[in-house]
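Remarks on the structure that follows.
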């Protein structure tokens, strides 16, 4: 078996990774009791379509709120370097604005918390897409070096961003 065939064989038997927090099946329309996000037709959103019958909606807890309750982030962004210390305010503004843009379209993508830890800023998120987008936004705005590490068995992403100068 050549290298190409072996790589194709490996792809055939790998199961796709799914967010374990999104495995709960919801029938019909549901409203998150904590944040007010609406679930309809397989998607969580902030915009409830006009023809939605809210009085029949179930009250559940969305996957993002459950992650926040359980303190189980899907994404972790760690920022380090002397540039961070000098431009912390600008960097935090970029992070918050990027989160607002992402969250407007994707109700499950949120920042859980921003934590200072031994000269680093650690940002935890409820989804891997927000962590990914934050890493790209930092690289585009402030340059530096960004490293992405996806978990093998779990729905998880660690992003490290650093810039010295």
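Residues that are farther than 19 Å from residue 133 by Cβ, touching a strand residue (DSSP E or B) at 6+ places or on another chain (Cβ under 7 Å) and at pLDDT below 90: which strands (runs of 3 or more DSSP E) entirely in segment 1-103 hold 1 or more of them?
Values: elements: 30-32, 38-40, 43-45, 58-60, 75-80.
Passing ranges, in order: 30-32, 38-40, 58-60.
For residue 127, indicate whether it is within 16 Å of the chain's Cα centre (by Cα), buried (at least 21 other Cβ atoms within 10 Å of the Cβ) and over 24 Å from residue 30 (Cα atoms). Can you show your working first?
On the way: within 16 Å of the chain's Cα centre (by Cα): yes; buried (at least 21 other Cβ atoms within 10 Å of the Cβ): yes; over 24 Å from residue 30 (Cα atoms): no.
So residue 127 does not fit the description; no.
Please give the number of the condition residue 134 fails out of (1) over 22 Å from residue 71 (Cβ atoms); (2) assigned to a helix (DSSP H, G or I).
Checking residue 134 against (1) over 22 Å from residue 71 (Cβ atoms); (2) assigned to a helix (DSSP H, G or I), the one that fails is (1).
The values are calculated or read from the model by the stated rules, or taken from the named source; none is laboratory data. This one's a predicted model, so the numbers in the text were calculated from it and none came from an experiment. In this analysis, Cβ positions are derived from the backbone assuming ideal geometry, glycine residues included, and neighbour counts consider all displayed protein chains.
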